[in-house]
Amino acid sequence: MPKFLTILILSLLPLLPASAQNARRILDATAARMTKSGDVKAQFKATQFTGTTPHAEATGTMYMSGRKFKMVTDELTTWYDGSTEWTMMKGSNEVNMTTPTEEEQAAINPAVLVSIYKKGYRYSVKESSLRGRPTYVVYLTAKNKKAGFSYIIVDVDQATYDPLCLRAKKDNDWLRLSIKSFQNGQHFPTSTFSFPEKDYPDVEVIDLK
């Protein structure tokens with residue numbers, strides 16, 4: 001190997017762990033903002049892509065307490081109490097009750113998507129900006145090709161460590177979750193995250209678990 005290549009490689013080696021360590025530190029801080037600093041209320045816009053072509057879009061509000069959440073959009077409302085999920089389409093007279101997988105949770109819950117970096121991902125980070133705010137852009141690449149998401153990108157506000165945008169790839173499909181506002185330090189009653197049957201006496205609960 002030419003000497004200059006050896007010197008170049010040796011000079012870069014110390015940078016690689018540092019980049020990974022910085023990415024891990026940023027994700028740890030972001031996960032803490034979403035799971036340990038009180039409950040969270042966030043306004044979001046979710047877009048699904050096949051390749052680069054968008055084919056589904058929704059805007060709404062998310063209420064989160066750790067892994068529990070309630071999501072409200074123009075089309076549906078979803079409740080998740082940590083084990084059971086209820087989903088009801090607007091105007092429907094039935095609600096579907098399921099037990100979602102972690103991958104299914106991650107597709108709609110930023111707290112889960114941000115946290116899965118702890119298992120089976122390599123990560124790196126660079127600095128950028130988004131909506132006029134300096135950001136860290138953290139890239140996660142799955143070590144296992146069979147992972148639910150092969151690639152995840154997280155844009156994090158440098159000043160607050162709030163998540164601004166999350167993108168996740170599965171096969172040739174992408175999910176982009178743009179977080180328009182983020183308020184932690186909230187306090188929601190536990191009942192927020194369960195389907196309130198008494199408020200919907202005429203709605204049939206379909207158990208799909």
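Summary of computed values
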| item | result |
| --- | --- |
| Of Lys118/Lys170; Lys119/Lys170; Lys45/Lys118; Lys36/Lys90; Lys118/Lys198; Lys70/Lys198, those spanning more than 28 Å from alpha-carbon to alpha-carbon | Lys36/Lys90; Lys118/Lys198 |
| Phi to ³J(HN,Hα) by Karplus 6.51 cos²θ - 1.76 cosθ + 1.60 over the range 87-94, Hz, x for Gly, Pro | 10, 10, 6, 4, x, 7, 9, 8 |
| Residue-averaged 222 nm ellipticity for the chain, from DSSP H runs of 4+ at -39500 (n - 2.57), nearest 500 | -6000 deg cm²/dmol |
| Neighbour net charge for Lys45 - beta-carbon separation under 9 angstrom, K R +1, D E -1 | +1 |
| The range 135-162-the range 180-209 distance, computed between alpha-carbon centres (Å) | 28 Å |
| Radius 13 Å from Cβ of Glu94, net charge of other residues (Lys, Arg +1; Asp, Glu -1) | -3 |
| Neighbourhood charge, 10 Å Cβ-Cβ cut-off, centred on Tyr117 and excluding it, Lys, Arg +1 and Asp, Glu -1 | +3 |
| Selection of trypsin sites (Lys or Arg not before Pro), the range 39-118, meeting DSSP coil and at most 12 other Cβ within 10 Å | Lys90 |
| Contact order relative to length of the range 123-209, as percent, for alpha carbon pairs under 8 angstrom and 6 or more apart | 16 percent |
| Anisotropy class of the range 125-209 from Cα gyration tensor, a/c 1.5 cut | oblate |
| Crossing angle, helix 3-12 versus the chain [Cα axis fit, 0-90 degrees, rounded to tens] | 40 degrees |
| Pairs of Cα atoms farther than 25 Å apart, the range 39-201, % | 32 percent |
| Per-peptide average of other Cβ atoms within 10 Å, ordering 124-131, 22-29 highest first | 22-29, 124-131 |
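Rule-based calculations on the coordinates, nothing more; no lab input. The shown structure was predicted, so the numbers you read here are calculated from the model rather than taken from an experiment. Don't worry about glycine lacking a Cβ; one is built from the backbone with ideal geometry, like all the others, and counts go over all protein chains shown.
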